[in-house]
1. Given B:Trp381, B:Tyr319, B:His340, which one lies farthest toward the positive end of the charge dipole of region B:284-408, if we put +1 on the Cβ of every Lys and Arg and -1 on the Cβ of every Asp and Glu?
2. On a C-alpha basis, how far is the centre of region B:202-259 from the centre of region A:83-126 in Å? Whole number, if you could?
3. Leaving out ligands, DNA and RNA, what percent of the accessible area of region B:268-393 is carbon and sulfur, probe 1.4 Å?
4. Grab the beta carbon distance between A:Ser293 and A:Ser105, set R0 = 56 Å, and tell me the FRET efficiency rounded to 0.05.
5. At 7 Å along the Cα-to-beta-carbon direction for both B:Phe15 and B:Arg123, put a label point, then send me their distance in nm to one decimal.
6. Given a 1.4 Å probe, show me the residues in region A:11-40 buried by at least 10 Å² of accessible surface when comparing the whole protein assembly to the chain alone.
7. Tally up the carbon and sulfur contribution to the accessible surface of chain A as a whole percent, 1.4 Å probe, everything protein left in place.
8. For region A:213-337, give the magnitude of the charge dipole about the Cα centre (Cβ charges: +1 Lys/Arg, -1 Asp/Glu; no others), in debye to the nearest 20.
Amino acid sequence: MAQMNMIQAVNSALDIILEKDSNVCIFGEDVGYFGGVFRCTDGLQSKYGKHRVFDSPLAEGGIVSTAIGMGINGLRPVAEIQFADYIFPAFDQITNELAKLRYRSGGEYSAPVTIRTPSGGGIRGGHYHSQSPEAYFTHTPGLKVVIPSNPHDTKGLLISAIEDDDPVIFFEPKRLYNGPFDGDHKKAALKWDTHPKGEVPEEYYSIPLGKASIEREGSQLTVLCYGTMVHVAREAVKLSGIDAEIIDLRSLVPLDIDAITKSIEKTGRCVIVHEAPKTSGFGGELSAQIQESCFYHLEAPITRVTGWDTPFPHSLEWYYFPSQERVIEAMKKTMES
Amino acid sequence: MSKKGKTLFVPDAPFRPGDKPDFSNLNLPEAGSSDKPEISVDPSEIRDLAFGLVRVLDDDHKAVGSWDPNLKPSVLKEGLRHMTLLRIFDDRMLTMQRQGKLSFYMKSLGEEAVAIAQGMALRSDDILFPSYRQPGLQFVRGRNLVDMICHCITNSKDNVKGRQMPVHYSWKEGNLVSISSPVGTQFPQAVGCAMASAYKGEDNVSISWLGDGTAAEGDFHYALNFASVYKAPVILNVVNNQWAISTHRNFSSGEATFASRGIAYDMPSIRVDGNDFLALYSVTNWAAERARKGEGATFIEVFTYRAEAHSTSDDPTRYRPKDEWKSWPLGDPLERLKLHLIELGEWSKTDQNKLEKELDELVIKSYKEAEKYGTLNEGPWASEETLFEDVYKKPPRHLRKQRQELGI
Ligand SMILES: Cc1ncc(C[n+]2csc(CCOP(=O)(O)OP(=O)(O)O)c2C)c(N)n1
Ligand SMILES: [Mg+2]
């Protein structure tokens, strides 16, 4: 075991997979010589060579489309989009091409592309360095969507994502890169070495896509969350005194509906937390699936705590970012009804 | 398929940390060596301008050749003043950023002439679509410094209500369209804006800038094609400052000039020394006149060097030689204009020192004044209810409800 932050966990996963599979190549803006603006690919170009880890032109549509072409011709590309906010120039290539290639060719062609991209807020990045665009992609059949919440899961899930023969969009909550963050921005920033999930095996391991993780067991209420919100929820539950079960979804597509159902059959109550805006956010999908799978076990309406239906602001970031207080309030309300 | 025994070619920057930069192979024609064409010229007759470099200021700081705009000394002094102010303003903002008073900052060091000379060559009703690297346009159009600082420190008087990161200005009164972080998006928008001027029969022009790195985006190509097809009254500039973040411009252009791309779109395409105030002024003025007369779009490659870090988020010594700028053969735009004025007998070192002192005091005074309206860390910021404003013209019901949920 080693202590790693999320950046090092990404780097370790990439290192292992580059070593293991000569068809894996990594590219994107500033990822080669420089090692990425968040340093996730640091040292990999000098270790594996310029043709395996390389810089790209500043063109997200170009990055994804060429990754698709490489995938068609036997490579297993891992593309980086520098910020999830800048994934949209590649939207057509992702949703119309990458996602549909297998289907439209009757299974003849496919491209095992992984797209890594830092997402989410909490870094004073304003609306173009803070977005959580996962729902655009969960809405597109053919794509898998993964969002880890700690270094240990990051490494195991990223290895699975790259080895998966389907395209995967892998969101990395950038506020968590250097340490867990529970939403209290006034507190001194923590590092991952204070957290059990900062312990990461140095060798190869994988975590299957589509399996949620029970972050905390509980009996009274189920909190569904992913990414940074796992840490916000954890602190909120601690402060609330409610014996809540926290499920870290880890993968939105495929979704571990069994784990969700099992938990709600036990607790009868559910609060969903995500950073992305509410309308058509992934919480809406979760809520619908829950009432389809375990409506008769529900003892209270499902509640969502999400970002507002506004762009992500800069100076008013902490009025937007779902806070512990909002999660606590939602849990209390759910317990009372 | 047989194996070739080779692998994929991937370029690299010519110089990396530890290398000695050597720009002796750059093709730098003499100042005054290219001729200024008539504005009605057929683009196919001036293709050489896309491969050369329009330069007016020579090594002795004299203005030479047919591109000399023959500006009055008072205009030159105004340009020098704006450039000096921009440099001092940038330095001050960077210092404040380092103290945690701005969340982020980006400087224009080494590229001051771009915004200042090009801005001055335009009319005030011409519409600006800059990238984050041309804040100096606002000085040219007389924007209040306090207002600019209020945006940068994100306080209650920030006219964009604290919604954007610093340097993402918007200034309707000065016809400067809101700056976006997603790079390149402004380029085709400027073309559309120009199409609307043509549609309405108005003679103002639109102008946009993007970087060498950004010229790889699809938006770049949309802009050139639409501008060409509709003969839009627009000026499209690629500011080739050699670097995206850590990525050298050869990832955007290979070894070709950026200007040469305009030829394929049948547009006058001119490569200009971006550190030469007079050349920039002159080329921009030529392009604006053409556009106003209905001759269509001009494409300009502004050849310069990004002397500072990309932004406060990166450390350039990790990806390029520390002193690369010092080796840049086209020098420092501010120095060059200053030496030209001195050469004309219109300026002196003492004048420059006095000017710097005056502007430094102005910036400090403006900063203090701006802080009266709040600071990044302590506020006051735009009030909480502004969070829900401007998403739509009128907040729909679900937003009013969310606002109540937040308790405001
Ligand atoms: C669509 C998009 N992709 C990526 C980024 C991140 N980014 C911001 S600036 C930049 C480099 C831009 O370089 P260039 O176009 O040369 O402009 P310069 O900064 O040199 O003026 C990058 C990659 C972005 N802002 N928008
Ligand atoms: Mg550049």
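1. The residue sitting farthest along the positive end of the dipole is B:Trp381.
2. Spelled out, the Cα-based centre of one part sits 26 Å from the other.
3. Values: 2520 of 5370 Å².
Carbon and sulfur atoms account for 47 percent of the accessible area of region B:268-393.
4. Numbers: r = 33 Å, r/R0 = 0.59.
It comes to 0.95.
5. Calculated label separation equals 4.4 nm.
6. A:Asp30, A:Tyr33, A:Phe34, A:Val37, A:Arg39
7. Values: 6230 of 12330 Å².
C and S fraction of accessible area: 51 percent.
8. On the way: 12 positive and 18 negative charges, 30 e Å.
The calculation lands at about 140 debye.
The values are calculated or read from the model by the stated rules, or taken from the named source; none is laboratory data. These numbers come from a predicted model, not from an experiment. Here Cβ is always computed from backbone atoms with ideal geometry, including for glycine, and neighbour counts include all displayed protein chains. Only protein heavy atoms, including side chains, enter the accessible area calculation; ligands, DNA and RNA are left aside. Shrake-Rupley method; radii C 1.70, N 1.55, O 1.52, S 1.80 Å.
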